[in-house]
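Below: one structure, written as structure tokens.
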Amino acid sequence: MNRYAKAALATLGLLLLCALAFVLLGLLPAGSGGGSVLRLLGGAVLVGGALVWGSYVSRLLRSRR
């Protein structure tokens, strides 16, 4: 599998993670204390996933095989 296909699969995985997180976070009531903590943690998961994705894709596209 070439590096562009791996980057495309990683991007698809990130998009699926984002869609799942937004659906799950949308089901939480925003007014409750637990809901706000879970929304904060969900946002942290999204940011962490984006950072991991960016690191992986940049390393993947920089590699010279």
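Kindly provide the helix-only [θ] at 222 nm of the chain, computed as the sum of -39,500 (n - 2.57) over DSSP H runs of four or more divided by all residues, to the nearest 500 deg cm²/dmol? Before the final figure, lay out each step's value.
Numbers: 2 runs with 54 residues, N = 65.
Theoretical 222 nm ellipticity from helices: -29500 deg cm²/dmol.
Report, to the nearest 10°, how far helix 3-26 tilts away from the longest principal axis of the Cα atoms in the chain, using its own Cα long axis and a range of 0 to 90°.
0 degrees
Quick one: Kirkwood hydrodynamic radius for the chain, alpha-carbon pairs, angstrom, one decimal?
One over the average 1/r among Cα pairs gives 13.2 Å for the chain.
Could you give the accessible area per residue of region 1-55, probe 1.4 Å, as a whole number in Å²? If you can, show how the numbers build up before the last one.
Working: 3740 Å² over 55 residues.
Computed with neighbouring chains in place, this is 68 Å² per residue.
Taking 8 Å as the Cα distance limit and 6 or more residues as the minimum spacing, I'd like the relative contact order of the chain as a percentage. Display every interim value, and only then the final one.
Working: 25 pairs, mean separation 31.6, N = 65.
Rounded, it is 49 percent for the chain.
How far is helix 33-62 tilted off the main Cα axis of the chain, in degrees rounded to 10, range 0 to 90?
Once rounded, one gets 10 degrees.
The values are calculated or read from the model by the stated rules, or taken from the named source; none is laboratory data. Everything quoted here is computed from the prediction, not taken from an experiment. These accessible areas exclude ligands, DNA and RNA; they are computed on the full protein's heavy atoms, side chains included. Shrake-Rupley method; radii C 1.70, N 1.55, O 1.52, S 1.80 Å.
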